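Before any comments, here is the structure.
The values are calculated or read from the model by the stated rules, or taken from the named source; none is laboratory data. A quick note: this is a predicted structure, and the numbers were derived from the prediction, not measured. Cβ: placed from backbone, ideal geometry, glycine included. Neighbour counts: every protein chain shown. Protein only, heavy atoms only, side chains kept; ligands, DNA and RNA dropped before computing areas. Shrake-Rupley method; radii C 1.70, N 1.55, O 1.52, S 1.80 Å.
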Amino acid sequence: PHATKRTRHPVWLYLDEQLKHSYLEHMSLTPQAAETLTLLRENGIMTVILSTHPHEAEEAARLLDEKVRHFELTDYFDEVYATAEYPKAKAEKMLEVLERHNLTKDEALMVGDSYKWDYAPAQSVEIDAVLINSDYHQENRENEPVQKLIDDLDGLLPLLGLPAVPLNTLSI
C-alpha cells in the first residue's frame with residue numbers, strides 16, 4: 001500500500017473499512033518487481049504466486065486474480081494461488097506445486113516479504129527462501145536467523161546466477 005510503503009504488512013488494507021472496497025487504488029508493486037519478473041521469464045524460470053489472504057478461498061482467489069490483472073502481470077506467472085490464512089498453508093501449496101511439476105525442493109526458491117508468512121513456511125519444509133527487507137519482515141521472527149535477505153528484488157538476480165542488469169533500462 002502507498003500509505004505504508006513496506007512499513008506494515010499489507011493485509012491491513014483488506015481489513016480497513018474505508019479502503020477495502022477500493023484497495024487497488026492504494027497499492028503499488030514492490031520496487032523492481034516488473035523488471036525482475038521480465039528477467040526471470042526471459043531466463044525460463046517458472047514463477048508462481050502464493051499469496052495469503054484473510055478471505056474465504058473463492059473470494060481470496062478472485063481478489064488475487066484482480067490484483068494480477070490490475071498490475072498487468074498475468075503473462076509473468078505460470079500459476080497463481082491464494083492460500084489460507086495459516087502459515088503452513090503456503091508450505092503445503094509449495095510442496096503440491098513441486099510434486100505436480102515433478103520438481104525437487106532444491107529446484108525451488110520462495111521469495112517473500114514476511115518472515116511468518118513466507119520465509120518460515122518455506123524453511124519448515126526445507127525449501128530455500130529469500131526475504132525482502134522491510135520494516136515488517138521482523139514480525140513474528142523471534143530472533144530466528146535469516147540466511148538470505150535482499151533489499152530489493154534486483155538482489156534476487158545474483159542469487160539465481162543471473163547477471164545484474166541495470167533494471168531501469170528494461171520495460172514491460
Just checking, how many residues over region 29-59 are modelled with pLDDT under 90, within 15 Å of the chain's Cα centre (by Cα), part of a loop (DSSP other than H, G, I, E, B) and within 21 Å of residue 93 (Cα to Cα)? 1
Single condition residue 113 does not satisfy, out of (1) modelled with pLDDT under 90; (2) open to solvent by 30 Å² or more (accessible area, probe 1.4 Å); (3) out of contact with any strand residue (DSSP E or B) (no Cβ under 7 Å at 6 or more places or on another chain); (4) not β-branched (Val, Ile, Thr): (3)
Keeping to region 60-117, report how many residues are assigned to a loop (DSSP other than H, G, I, E, B) and among the aliphatic types (A, V, I, L, M). 4
Can you tell me how many residues in region 77-90 are surrounded by 16 or more Cβ atoms within 10 Å (Cβ to Cβ) and more than 13 Å from the chain's Cα centre (by Cα)? 3
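Looking at region 129-136, can you tell me whether even one residue there is more than 17 Å from residue 36 (Cβ to Cβ) and without any contact (Cβ under 8 Å) to a residue 60 or more places away in the chain? Full working, then the answer.
We begin by selecting, within region 129-136, every residue more than 17 Å from residue 36 (Cβ to Cβ); these are 135-136.
Filter again for without any contact (Cβ under 8 Å) to a residue 60 or more places away in the chain, leaving none.
For region 129-136, residues more than 17 Å from residue 36 (Cβ to Cβ) and without any contact (Cβ under 8 Å) to a residue 60 or more places away in the chain: absent.
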Give the residue that is nearest to residue 112 (Cα to Cα), with candidates limited to residues of region 144-153 that are in contact (Cβ under 8 Å) with a residue 24 or more places away in the chain and over 14 Å from the mean Cα position of the chain (by Cα). 146
Just one listed residue, out of 42, 35, 59, is touching a residue at least 24 places away in the same chain (Cβ under 8 Å) and among the acidic types (Asp, Glu), and it is 35
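How about region 74-90: which of its residues are within 24 Å of residue 115 (Cβ to Cβ) and either modelled with pLDDT of 90 or more or touching a Pro at 6+ places or on another chain (Cβ under 9 Å) (or both)?
If we filter region 74-90 for residues that are within 24 Å of residue 115 (Cβ to Cβ), which is where we start, we get 77, 79-90.
Listed by number, the residues that qualify are 77, 79, 80, 81, 82, 83, 84, 85, 87, 88, 89, 90.
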Among the candidates 152, 106, 118, residue that is modelled with pLDDT under 90 and at negative phi: 152
Test residue 126 against the criterion of being open to solvent by 80 Å² or more (accessible area, probe 1.4 Å), in a loop (DSSP other than H, G, I, E, B), farther than 16 Å from residue 43 by Cα and modelled with pLDDT of 65 or more, and give yes or no. yes
